[in-house]
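Okay, structure first, notes after.
Laboratory data are not the source of any read-out in this text; all were calculated from the coordinates shown. Everything quoted here is computed from the prediction, not taken from an experiment. Every residue, glycine among them, receives a Cβ derived from its backbone with ideal geometry; neighbour counts consider all protein chains shown.
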Amino acid sequence: MTWELVVLLGWGAVMTAALSIVSITVGLAIGVLICAASLSRVAPLKWFGRVYVSFFRGVPLLVLLLLIYHVLPQLGLDVPGVVAALIGLTLCTSAYQAETLRGGFVNVAPGLMEAGRMVGLNARQILLRIRAPIALRLTLPALVNEAIMILKASSLVSVVGVGDLTRTAQNLASSTFLPLEMFAVAGAYYLLLNIVVGYGGSGLGRLLGLRPA
Amino acid sequence: MSDFSALREAMPEIVDGLWLTLAMWLAASALGLVLGLAIALARRFGPVWVDRPLWAVVGVIRGTPFLVQIFLLYYGGPFIGLELDPTPAGLGGLALYGAAYFSEILRGGLLAIPPGHVEAGMCIGLSRLQIVRRIMLPEMTLLVLPASVNMFVVLLKETAVLSIITVPELTMAVTGFGSANFAFSQAALVLAIVYWTLTELTGGLGRLLERRLDRFKLA
């Protein structure tokens with residue numbers, strides 16, 4: 001185990017972090033839309049949201065990645081593995097985030113929104129000033145948790161040939177015959193990234209003035 | 001998948017794969033639950049020198065990907081004299097992974113029991129063991145049910161990862177058929193539908209159980 005190998009694994013960790021950040025961010029945006037759809041009073045929208053969440057939460061990410069990786073070329077979209085990986089991770093996390101957000105919105109105390117109506121706020125003001133901030137406070141810890149889950153789940157993109165941390169460790173393990181060391185160091189990198197995300201999450205909570213609800 | 005005779009030939013292997021998936025899932029869930037309960041109780045009632053190392057082990061398992069743990073166990077194991085076949089390695093890895101998460105779920109449940117209930121037990125002269133068995137464990141069961149069902153579903157989905165270390169479970173069997181017959185996307189689609197059905201069934205059973213146990217809830 002030389003310093004060079006640790007640096008090589010470090011580049012894998014950068015790839016893992018990049019994949020996770022992109023899929024978490026895009027997944028949040030899609031998650032908000034899916035959450036809105038499943039809370040909608042329009043039945044087809046509501047059902048679309050429910051089925052979307054159920055499917056992408058119910059299928060193992062590995063199977064989802066294989067599906068996307070093999071189906072896209074058949075649709076005429078010859079995308080590189082990294083794009084298929086990003087699509088898979090994003091779809092998966094968007095479903096989890098939609099469900100988390102839905103839980104947050106549903107659990108905002110109705111009295112708070114009634115109070116908003118009483119003082120003459122309109123629907124938009126109630127949503128933006130009361131419902132959304134409280135839902136965010138309720139869901140931030142779960143969203144941080146989801147970021148950690150995706151960081152770990154991103155290890156599966158190694159299966160579709162993306163050179164992330166796990167893939168790098170696999171390659172180095174077979175070329176150096178040091179699997180124990182390689183996977184242990186890869187694990188340490190994941191742990192480090194997760195600790196950063198965990199602390200970052202609580203720091204973000206403080207920054208936004210959110211108390212644990 | 002136009003060639004149905006190929007499918008018919010591969011069917012026994014796929015059915016075996018499905019059984020292996022279900023068997024490993026249930027075995028790992030049961031082992032993980034028992035070990036997780038032991039860890040939770042040891043950390044709750046044991047001395048600090050038991051709690052601290054367990055805290056670290058649980059943290060490491062929860063902070064690293066299951067795939068890396070499995071690789072470490074399966075490819076790294078032989079270097080420390082732990083030579084396991086894919087299936088036992090997968091089962092052991094999955095059970096340990098489940099145990100770490102279950103221990104946290106159960107510990108949360110133990111900590112959420114209102115202290116007044118335990119005090120009430122002490123007041124009427126129950127022994128410590130009786131308090132754990134008659135008050136803490138039943139109350140904890142109700143508290144942890146939703147999170148535990150969720151964990152069962154997670155473990156079911158993680159069994160698919162075991163195909164990567166060549167455990168001949170469902171994903172391995174179906175993708176094997178897919179690559180032998182150039183039906184990659186059909187194979188993945190079938191897998192998605194089977195796992196989706198299984199996870200929905202598990203979730204549904206969990207919700208049913210929750211409703212059945214609802215009447216035991218205090219206030």
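Comparing B:111, B:156, B:91 in a Gaussian network model of chain B, where Cα atoms under 10 Å apart are tied by springs, the biggest mean-square fluctuation is seen for B:111. Taking a straight line from the alpha carbon of residue A:152, these aspartates and glutamates sit under 20 Å away, with near neighbours fewer than eight places off in the same chain left out: A:99, A:164, A:181, B:104, B:158. Its Cα gyration tensor gives chain B an equivalent ellipsoid. The semi-axes, each the square root of 5 times an eigenvalue, are 39, 22, 11 Å from largest down. Across A:30, A:148, A:126, mean-square fluctuation computed from a Gaussian network of chain A (C-alpha pairs under 10 Å connected) peaks at A:126.
Are there DSSP H segments in chain A that both extend 27 Å or more along their axis (alpha-carbon positions) and score a mean Kyte-Doolittle hydropathy of at least -0.5? List them, or say none. List each step's numbers first, then the result.
On the way: long enough: A:3-38 (50 Å, 1.96); A:81-106 (38 Å, 1.06); A:132-153 (29 Å, 1.29); A:179-207 (41 Å, 1.03).
Counting only whole DSSP H runs, the qualifying helices are A:3-38, A:81-106, A:132-153, A:179-207.
The long axis of helix B:170-180 is offset from the longest Cα principal axis of chain B by roughly 20 degrees. Listing B:33, B:209 from fewest to most neighbouring C-beta atoms within 10 Å gives B:209, B:33. Label the range A:88-131 by shape, choosing from rounded, prolate and oblate, from the square roots a ≥ b ≥ c of the eigenvalues of the Cα gyration tensor; if a/c is under 1.5 it is rounded, and otherwise prolate applies when a/b is larger than b/c, oblate when it is not. Because a/c hits 1.5 or more and a/b exceeds b/c, the range A:88-131 counts as prolate.
The Cα atoms of the range B:77-148 define a convex hull whose projected area, averaged across directions, is 6.7 nm². Neighbour counts of other Cβ atoms within 10 Å put A:182, B:140 in the fewest-to-most order B:140, A:182. Percent relative contact order of chain B, based on C-alpha pairs within less than 8 angstrom and at least six residues apart? The normalised contact order for chain B reaches 28 percent.
Going by the alpha-carbon gyration tensor, a ≥ b ≥ c the square roots of its eigenvalues, is the range B:119-206 rounded (a/c under 1.5) or, if a/c is not under 1.5, prolate (a/b greater than b/c) versus oblate?
prolate
Using θ = phi - 60° in the Karplus curve 6.51 cos²θ - 1.76 cosθ + 1.60, the 3J(HN,Hα) couplings for the range B:94-99 round to 5, 5, 5, 4, x, 4 Hz; x is entered for Gly and Pro. Judged by the gyration tensor of its Cα atoms, with axes a ≥ b ≥ c, the range A:3-207 is oblate; a/c meets the 1.5 cut and b/c is at least as large as a/b. Residues A:63, A:79 in ascending order of nearby Cβ atoms (within 10 Å, fewest first): A:79, A:63.
The distance between label points at residue A:54 and residue B:5 comes to 3.9 nm (points 7 Å beyond Cα on the Cα→Cβ vector). Counting Cβ atoms of other protein chains within 10 Å of each residue's Cβ and taking the mean over peptide A:51-62 gives 6. When chain A is treated as a Gaussian network with alpha carbon springs shorter than 10 Å, the biggest mean-square fluctuation among A:118, A:15, A:149 belongs to A:118. Annotation: Cα Rg of the protein assembly as shown relative to the compact-globule expectation 2.2 N^0.38 Å equals 1.05.
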